[in-house]
Amino acid sequence: MNNVAKTIEINAASSKSLEDAIQGGLRKVAGTIDKVQGAWVSDIKVRTSPNGDITEWRACLRVTFIVD
């Protein structure tokens, strides 16, 4: 039998770091979807304070999982 994979797009954010945003997004998806196989970051954004400090990291992820 052949495997079928599906890809969804999610957005995740963290005030701590880009890695924390990505990890948090993947954990959230893995909590509701089985057989997550991988992800790629398709976009990175930041929010800033008026003086230019980064206040939030944002990542757009494409997450792939196996469909039963």
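Every read-out reported here was derived from the displayed coordinates using simple, explicitly stated rules and does not represent laboratory data. These numbers were taken from a predicted model, which means no experiment stands behind them. Note: ideal-geometry Cβ built from the backbone for every residue, glycine included; neighbour counts use all protein chains shown.
When a/c reaches 1.5 or more, the comparison of a/b and b/c decides; with that in mind, is the chain rounded, prolate or oblate per its Cα gyration tensor? It would help to have the intermediate numbers written out before the result.
On the way: a/c = 4.41, a/b = 2.83, b/c = 1.56.
Because a/c hits 1.5 or more and a/b exceeds b/c, the chain counts as prolate.
So what is the 222 nm mean residue ellipticity for the chain from helices alone, if each DSSP H run of at least 4 adds -39500 (n - 2.57) and you divide by all residues, rounding to the nearest 500 deg cm²/dmol?
About -6000 deg cm²/dmol.
Using 0.36 nm per residue of separation minus the Cα-Cα distance, give me the extension gain between Gln37 and Gln23 in nm, one decimal. Working shown, then result.
Values: separation 14, 0.36 × 14 = 5.04 nm, distance 1.40 nm.
Full extension of this stretch gives 3.6 nm more.
Give me the net charge for the shell around Ala21: Cβ to Cβ below 15 angstrom, other residues only, Lys and Arg +1, Asp and Glu -1.
Summing Lys/Arg as +1 and Asp/Glu as -1 gives +2.
Using only Cα atoms, tell me the angle between helix 18-30 and the longest principal axis of the chain; keep it within 0 to 90° and round to the nearest 10.
30 degrees
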